[in-house]
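The values are calculated or read from the model by the stated rules, or taken from the named source; none is laboratory data. Since we're looking at a predicted model, the values are computed, not measured. Every residue, glycine among them, receives a Cβ derived from its backbone with ideal geometry; neighbour counts consider all protein chains shown.
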Amino acid sequence: MVDLSSLAIDPEVLKLIPKSTALELSVLPLSLKNDTVIVAMPEMFKRQLVADVQFLLGRKVKAVPVPQEILLDAIHRFYESTPNGLGHTLHTATIPFRPMSRAGLQTQLVCDTSTTTLANRLIGTAIRIGATDIHVEPHGQAFRIRYRVDGVLHEAVQLAEDKAVPLVLRLKSMARLSIADTLHPQVGHTRVRRADHSVDIRISTLPTDAGEKVTIRILDKSRLQLHLDRLGLDDHDLQLFQHALRSPSGLILVTGPEGSGKVTSLYASLTAINRPDISITTIEDPIEFDLPGINQTMIRPDLGYTYPVALRAILSQDPNVILISELRDAETARMAIRAAQTGHLLLTALHAHDAPSAICQLLDMGIEPFLLASTLKIVLAQRLVRRLCPRCKVLARPTAEQLQDISETSALARHFFGSKGCPACHYFGYQGRTGAFQALPVSPGLCQLIARGATVAEIRQWLQTSGVTTLRQAAIQIAERGETSLEEVLRETPSYGM
């Protein structure tokens, strides 16, 4: 064990970790030897802490255990006695490593931090707070950095141009993109290592009139929920969907807008039916996550490898189950229907507001009504609503306007919940998301409606009389259980009855 009372620490070493981050993580950089940073950490520290600090610094870390009280006292003592104001707030651009407030997720970044460390902090923060995307956006003489957490963008900081431009170049380099090309969109991939797993990173660039915009997609498989019974389906809808998945052939359709969790539902469906005695093949754009035991192929339109071309190839590969990540055009839709009619179970996704509009959208693509009626097994429409943080959840009385907005749902409860924001949820007020679902199996009555080419309004009316739950009703039930807020329900679900 190191004696911190008699140790001298080089001020340049202290600059590696800002004081606010050192206090928050209870870590103290002691020395730098051959690109390895010796860092004091609390006794019984977890391996994840070492991985986080390594990611923060972009260097190898050797941990030295120190009692917590001694360590915290040393952090205050060393930073306060260091010249050049390292122990004080710096008026420089910031990138969060662990967010401290809803206002900006800000922690101080020392002015001489390397671009590599800056990029590592940017991505490390995203992984830590569960962000799915990072937006680096040029605006005048500064770049705005935002994180998308649980589907909502939060501004983190404004970066000065002299720091942001090298950051953009570093991010492009990480993804093996052309640094010289700033006039064309580019997409690349990289991977970062956590303590116990890898995280895939997809980096895309877009030329704008103010400079290059960079979007970073965080694909953290450890956060991927691949259990159907944990997506948020109630028992009745879960049984309906599982029954459809047991069909030897037919079409299963998952629908919703961008970011509603369709890929997760499709992946969870494949995981549920994946067995050694069946062959499953997917066609994706792009492949989001690797699924063990499942054949995955990614389309390449630039090479002529499109959805229809991939589907024709797969049909000669003796598949039992086929997944098409999205129906984007009439040709792919017609081929999918044909495949579902010829002994294959086909799962796919479609952008639509709800289950009735998804059915009519397929009809608008030119699918013969009688073919769709005989092939479609179930439509699962979904939305994602944010879960209230259990630590800062409070009762919230709905406004008269909100009560009017939910009057169609016949909600029984008139007490709902909101949140205040706290350190546990990074002051967002929410932690994670759950699904609100509308499961629509193709019953004989619905089959007749589809076969005669019924309109969206006619299908919605029929569903209302049949007692099928709407997306808003499903979300209201989640709010009544205290899992989400009424505000979130009204933000995410369509206002019409069906």
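Taking residue 297 as the residue in question, decide whether it is hydroxyl-bearing (Ser, Thr, Tyr), modelled with pLDDT under 95 and surrounded by fewer than 19 Cβ atoms within 10 Å (Cβ to Cβ).
It is false that residue 297 is hydroxyl-bearing (Ser, Thr, Tyr), modelled with pLDDT under 95 and surrounded by fewer than 19 Cβ atoms within 10 Å (Cβ to Cβ).
Can you name the number of the only condition in (1) assigned to a loop (DSSP other than H, G, I, E, B); (2) more than 21 Å from residue 243 (Cα to Cα) that residue 319 fails?
Status for residue 319: all satisfied but (2).
Just to be sure I understand, how many residues within region 379-395 are in a strand (DSSP E or B) and either touching a His at 6+ places or on another chain (Cβ under 8 Å) or closer than 30 Å to residue 351 by Cα (or both)?
11
Spot the failing condition for residue 491; the list is (1) touching a strand residue (DSSP E or B) at 6+ places or on another chain (Cβ under 6 Å); (2) in a helix (DSSP H, G or I); (3) under 23 Å from residue 263 (Cβ atoms), and only one is missed.
(1) is the only condition that residue 491 fails.
Quick check on this structure: which one of 254, 199 is in a strand (DSSP E or B), within 25 Å of residue 270 (Cα to Cα) and at pLDDT 95 or above?
254
Can you confirm whether residue 290 is of a type outside the set (Ser, Thr, Tyr), at pLDDT below 95, more than 21 Å from the chain's Cα centre (by Cα) and surrounded by fewer than 16 Cβ atoms within 10 Å (Cβ to Cβ)?
no
Within region 434-461, track down each residue that is surrounded by 18 or more Cβ atoms within 10 Å (Cβ to Cβ), modelled with pLDDT of 95 or more, in a helix (DSSP H, G or I) and not β-branched (Val, Ile, Thr).
Passing the criteria: 446, 449.
Based on what the data block shows, is residue 32 hydrophobic (A, V, I, L, M, F, W, C), in contact (Cβ under 8 Å) with a residue 12 or more places away in the chain and buried (at least 20 other Cβ atoms within 10 Å of the Cβ)?
No; evaluated as a whole, the condition is false for this residue.
Of all residues in region 464-488 being assigned to a loop (DSSP other than H, G, I, E, B) and without any contact (Cβ under 8 Å) to a residue 24 or more places away in the chain, which is surrounded by the fewest Cβ atoms within 10 Å (Cβ to Cβ)?
467
Take the residues in region 326-363 that are hydroxyl-bearing (Ser, Thr, Tyr) and surrounded by fewer than 23 Cβ atoms within 10 Å (Cβ to Cβ), then tell me which one is nearest to the chain's Cα centre (by Cα).
357
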